[in-house]
Amino acid sequence: MTAPMTEAPVKTNPHVFFAAGEVDGAPGLSASHCRICGKFTLGRVPVCSHCFSRDVESVAAGRRATLVEHSVAHHPAGGFAAPYAIGLIRTEEGLTLFAPLEGSLEGLAPGNRLRFVTVPRDGGATGFAYARG
Ligand SMILES: [Zn+2]
């Protein structure tokens, strides 16, 4: 007996994040977790960049984050309608990255608590962003 096929979503950044159901704990950022030193690295890596161990596992990370800084773009670009915000965020695992921010631009401020969300993008693709809350 075979399991029913589920159609994987088309993602805007296939190597950057996992959609729900792709790995345990998804949706979330694609990251590597070192089983030796415990550090996380963005993306899938064969060697830990902190202790050089090869004992790393691919995981979904970044479900919770904190806003460090943000900037508002007033011109549409890459499928984003203006105005939109890009945030410098730090995840609960200590990963730092730029990410689109979803939701109202009012009241965005350093220290805002953020959560990983998937969002529909142009052409039926699924993208990711961070929303307050
Ligand atoms: Zn390590």
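Overview of results
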quantity	calculated
Qualifying residue in region 60-68 (condition: loosely packed, with under 13 Cβ neighbours inside 10 Å and not hydroxyl-bearing (Ser, Thr, Tyr))	no
Single condition ALA19 does not satisfy, out of (1) over 12 Å from the mean Cα position of the chain (by Cα); (2) away from the ligand (no atom under 16 Å from the Cβ)	(1)
Any hit, region 80-99, residues being in contact with a Lys or Arg (Cβ under 8 Å, 6 or more places away or on another chain), within 30 Å of HIS50 (Cβ to Cβ) and buried (at least 18 other Cβ atoms within 10 Å of the Cβ)	yes
Residue within region 19-37 that is closer than 21 Å to ARG132 by Cβ and not in a loop (DSSP other than H, G, I, E, B) present	yes
Residue check, PHE98 within 16 Å of the chain's Cα centre (by Cα) and hydrophobic (A, V, I, L, M, F, W, C)	yes
Some residue of region 40-52 being closer than 26 Å to LYS11 by Cα, of a type in the set (Ser, Thr, Tyr) and touching a Ser or Thr at 6+ places or on another chain (Cβ under 6 Å)	yes
Where ARG35 falls short, out of the listed (1) in contact (Cβ under 8 Å) with a residue 60 or more places away in the chain; (2) surrounded by fewer than 19 Cβ atoms within 10 Å (Cβ to Cβ)	(1)
Tally, over region 38-78, of residues that are within 14 Å of the ligand (Cβ to nearest atom) and within 21 Å of ARG132 (Cα to Cα)	0
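Rule-based calculations on the coordinates, nothing more; no lab input. This structure is a prediction, so every number in the text was calculated from the model and none was measured. Glycine also receives a Cβ, built like all others from the backbone with ideal geometry; neighbour counts cover every protein chain displayed.
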